[in-house]
Amino acid sequence: MARLGACSKARSMSSQSSPAEQASRIEFLARINRLAPLIPHYEAILEAMYRRVIAPGQCVYDIGCHAGRHTTPFLELVGPGGQVVGFEPIPQMAQRLRSLAAQHRNFTIHETALSNQSGKTSFAFATGTPEESGLIERQFNHPELAKVRQITVMVNRLDDMVTAQGLPDPHYIKIDVEGAELDVLDGARDTLARARPILSVEYGAPGYAPYGHQAMDLWQFADSAGYAVFDLFGYPLTTPEAWLTECDRGIWDWFLVPVERAAQIEALWR
């Protein structure tokens, strides 16, 4: 789930900041102020952005559906001629999503986690805060509420699922898996290279650090896969320095856009 911290404090200008960093932070604060009526509805900001790039008839992968917060808007956007493919490992959530699938013939749900390996594995089910559940126990926002219980779930590589299930190529992929996002991307390299979808990816230290990842890892993956990185507000982060200026400063959702479409998509977000 996307989250914002005390942005004005996190973005406070340092006397040691370069002019470029200062300009980036000023622009960031301006975008925050323009979106003030939406804060703290971070998921609404994410939805407002993807509504500009998903079209009727397209296919969306919802990786980490959870309660279906974005599944329903995805179904609306792709329409009856499109398709939404969901992935959710928590049995209780998957069961609820199957009820939604019964109402929408163009929605399929797969009860599995996604990563860069396949098989069965333990899963840290935070029964008190299920939205923070994951393959590895993350840094919880409220540890006293998490009440973690280890369960066993299936795990698959997305590339293998696409082949085995004959899934249509995605136009858009949402990945929100509480820290395992890079492992999901690693298991989806063939799909990304072939289909070139737009992605929204949650990425913040409380999630990725327990997996042994660092702030630059998402940027480096995007660069190696031919993707441009945008922040939650559609602002391009064109250098590693710009990325580090924003990563882990309170916003945890990012867009990855194929470089060949970056200018086109940026125009839609302006």
Exercise. Residue by residue through region 148-176, note down the ones that are without any contact (Cβ under 8 Å) to a residue 24 or more places away in the chain and assigned to a loop (DSSP other than H, G, I, E, B).
Key: GLY166
Practice problem: Identify, from the list GLY226, GLY212, GLY204, GLY250, the residue that is under 17 Å from ILE175 (Cα atoms) and out of contact with any strand residue (DSSP E or B) (no Cβ under 6 Å at 6 or more places or on another chain). | Solution: GLY204
Practice problem: Take region 217-233 and flag every residue that is small (Gly, Ala, Ser) and either assigned to a strand (DSSP E or B) or at pLDDT below 95 (or both). | Solution: ALA228
Quiz item: Can you pull out the residues in region 146-201 that are among the hydroxyl-bearing types (Ser, Thr, Tyr), out of contact with any strand residue (DSSP E or B) (no Cβ under 6 Å at 6 or more places or on another chain) and surrounded by fewer than 18 Cβ atoms within 10 Å (Cβ to Cβ)?
Solution: THR163
Quiz item: Is it the case that THR108 is within 21 Å of THR71 (Cβ to Cβ), of a type in the set (Ser, Thr, Tyr) and at pLDDT 95 or above?
Solution: yes
Quiz item: Among the residues of region 223-242, is there at least one that is surrounded by 17 or more Cβ atoms within 10 Å (Cβ to Cβ), in contact (Cβ under 8 Å) with a residue 60 or more places away in the chain and at positive phi?
Solution: yes
Practice problem: Out of the residues in region 121-145 that are among the charged types (D, E, K, R) and out of contact with any strand residue (DSSP E or B) (no Cβ under 8 Å at 6 or more places or on another chain), state the one that is surrounded by the most Cβ atoms within 10 Å (Cβ to Cβ). | Solution: GLU131
Quiz item: Which residues, counting only those in region 198-216, are at pLDDT 95 or above and over 19 Å from GLY250 (Cβ atoms)?
Solution: ILE198, LEU199
Quiz item: Based on what the data block shows, is GLN214 of a type in the set (S, T, N, Q), surrounded by fewer than 16 Cβ atoms within 10 Å (Cβ to Cβ) and free of Cβ contacts under 8 Å to residues at least 24 places away in the same chain?
Solution: yes
Self-check item: Tally of residues being assigned to a helix (DSSP H, G or I), surrounded by fewer than 14 Cβ atoms within 10 Å (Cβ to Cβ) and small (Gly, Ala, Ser) across region 64-115
Solution: 2
Quiz item: Out of the residues in region 187-207 that are under 20 Å from GLU88 (Cβ atoms) and part of a helix (DSSP H, G or I), which is nearest to the chain's Cα centre (by Cα)?
Solution: GLY207
Quiz item: When you go through (1) buried (at least 21 other Cβ atoms within 10 Å of the Cβ); (2) modelled with pLDDT of 95 or more; (3) among the hydroxyl-bearing types (Ser, Thr, Tyr) one by one for SER118, which number turns out not to apply?
Solution: (1)
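The values are calculated or read from the model by the stated rules, or taken from the named source; none is laboratory data. Source: prediction; values computed, not measured. In this analysis, Cβ positions are derived from the backbone assuming ideal geometry, glycine residues included, and neighbour counts consider all displayed protein chains.
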